[in-house]
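Here the structure is laid out as structure tokens; the discussion comes afterwards.
The values are calculated or read from the model by the stated rules, or taken from the named source; none is laboratory data. Values in this document were obtained by computation on a predicted structure and should not be read as measured data. Glycine gets a Cβ as well: all are built from the backbone with ideal geometry, and neighbour counts include every protein chain shown. Heads up: the accessible areas ignore ligands, DNA and RNA and are worked out on the full protein's heavy atoms, side chains in. Shrake-Rupley method; radii C 1.70, N 1.55, O 1.52, S 1.80 Å.
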Amino acid sequence: MNYLFATARKVTVFAVGAVAGLFFLSGCGQVITLIPTSTPVPEPAATFSPPSSPTPVPTATPAPFTPPPTATMTATPEPTIYLVAPGDTLGRIAEQYGVTVAALQEENNILDPRTLQQGQQLVIPYRVSVDGGAAGARPTPTPIPFAHQKIHFSFTPLGGLWVLGEVENTSALTLEQVQIGVKLLDADQNAIAEEQGFVLLNLVDPGGVAPFAILFEKAPKEFASYQIFPLGGVPAYEGGYYRDLVVEDLTFEGELYSSYNVTGSVRNTGQDESIEVQVILTAYDSLDRIIAARTVAPEHNVIAANGVTSFAAILVPLGGPVERIHAVAQGRRYPTGN
């Protein structure tokens with residue numbers, strides 16, 4: 001029985017299996033003010049949705065070599081997300097968070113408070129006093145280079161909590177070193193647990209997405225709401241990355257909530273050798289939430305020009321059944337002078 005995100009009295013989600021080979025990346029950073037760099041190139045990928053075949057993916061052009069950019073870090077405040085519980089009213093929620101009903105309606109585009117629905121997600125605005133004056137002035141927003149979506153929570157048998165999802169690059173630049181943080185909040189909006197990690201892709205193109213999987217090893221049994229916020233991300237130094245890798249022949253077999261056997265191949269469609277080749281697999285359920293994500297090493301992690309190699313992996317979803325699996329390959333260029 002799942003209670004995701006917020007205000008549920010108890011959140012109990014049983015994980016079946018474990019996500020093998022997930023990258024749990026940590027570090028700290030902040031949202032940045034981006035500095036223009038090279039023109040991004042769409043990342044080749046393959047998508048499998050049974051029973052149809054994978055959609056052909058166009059070949060990308062190798063990215064031009066560009067010097068590393070200089071980034072300026074800038075903090076960006078993030079809103080709190082509240083999950084409406086049975087019996088909630090806008091008045092009670094507004095009183096709980098110290099904001100006005102009008103501010104709550106405006107922030108969430110609610111015309112009629114009577115339309116409030118159980119399970120509805122509300123963005124809690126910055127505090128505005130009852131007389132209309134600013135109790136806490138809204139900070140001048142800094143452009144956020146990416147947004148989060150398709151979030152899924154799953155408790156582990158050992159008392160941990162997985163938070164899976166993906167970020168979308170909302171900027172006009174290709175990003176690397178994309179890092180996010182997750183806070184679990186109590187009813188008074190106090191943080192009771194916090195973790196952070198990197199996405200599983202080296203590069204995230206404009207409009208592109210990248211999965212993440214963050215583990216709270218010791219998680220609270222209950223939390224009222226949560227925040228997911230960007231911590232870092234810089235304009236990509238694309239010269240060292242290899243973009244001409246395409247996933248082909250992607251297939252998977254499995255039943256409902258069990259593990260899935262995933263196979264496929266990676267083809268180098270470019271004219272240079274690619275090294276450190278990896279495949280990132282992401283599984284989605286029928287609600288389009290991410291329920292599994294992992295990095296896979298193919299049979300050969302060095303692929304010659306016009307070469308191909310295969311990969312096979314076991315993917316264990318934290319929920320299910322799996323509706324579709326997305327795969328993308330990434331690699332690096334052989335260092336100049338070697």
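Quick one: in the stretch 193-229, of everything that is modelled with pLDDT of 90 or more and among the charged types (D, E, K, R), which residue is nearest to P317 (Cα to Cα)?
Ranking the candidates gives E217 first.
Identify the single condition in (1) more than 22 Å from the chain's Cα centre (by Cα); (2) touching a residue at least 24 places away in the same chain (Cβ under 8 Å) that E253 does not satisfy, given that it satisfies every other one.
Failing condition for E253: (2).
If N261 meets every condition in (1) under 30 Å from G181 (Cα atoms); (2) out of contact with any Leu (no Cβ under 7 Å at 6 or more places or on another chain) apart from one, which number is that one?
Of the numbered conditions (1) under 30 Å from G181 (Cα atoms); (2) out of contact with any Leu (no Cβ under 7 Å at 6 or more places or on another chain), the odd one out for N261 is (1).
Taking the stretch 270-319 as the region of interest, how many residues are of a type in the set (F, W, Y) and under 16 Å from G254 (Cβ atoms)?
Summing the residues that are of a type in the set (F, W, Y) and under 16 Å from G254 (Cβ atoms) in the stretch 270-319 gives 1.
Here are N261, N190: which of them is over 30 Å from T80 (Cα atoms) and free of Cβ contacts under 8 Å to residues at least 60 places away in the same chain?
N261
Return only the number of the condition from (1) under 23 Å from the mean Cα position of the chain (by Cα); (2) acidic (D, E); (3) closer than 23 Å to L164 by Cβ; (4) open to solvent by 60 Å² or more (accessible area, probe 1.4 Å) that E276 does not satisfy.
Answer for E276: the failing condition is (3).
Counting residues that are modelled with pLDDT under 85 and either open to solvent by less than 30 Å² (accessible area, probe 1.4 Å) or within 28 Å of R294 (Cα to Cα) (or both), which strands (runs of 3 or more DSSP E) fully inside the stretch 49-165 reach at least 2?
80-83, 121-124
Hey, among V262, V234, V266, V247, which residue is open to solvent by less than 20 Å² (accessible area, probe 1.4 Å), more than 15 Å from L315 (Cβ to Cβ) and either assigned to a strand (DSSP E or B) or modelled with pLDDT of 90 or more (or both)?
V266 is the lone residue from the list that is open to solvent by less than 20 Å² (accessible area, probe 1.4 Å), more than 15 Å from L315 (Cβ to Cβ) and either assigned to a strand (DSSP E or B) or modelled with pLDDT of 90 or more (or both).
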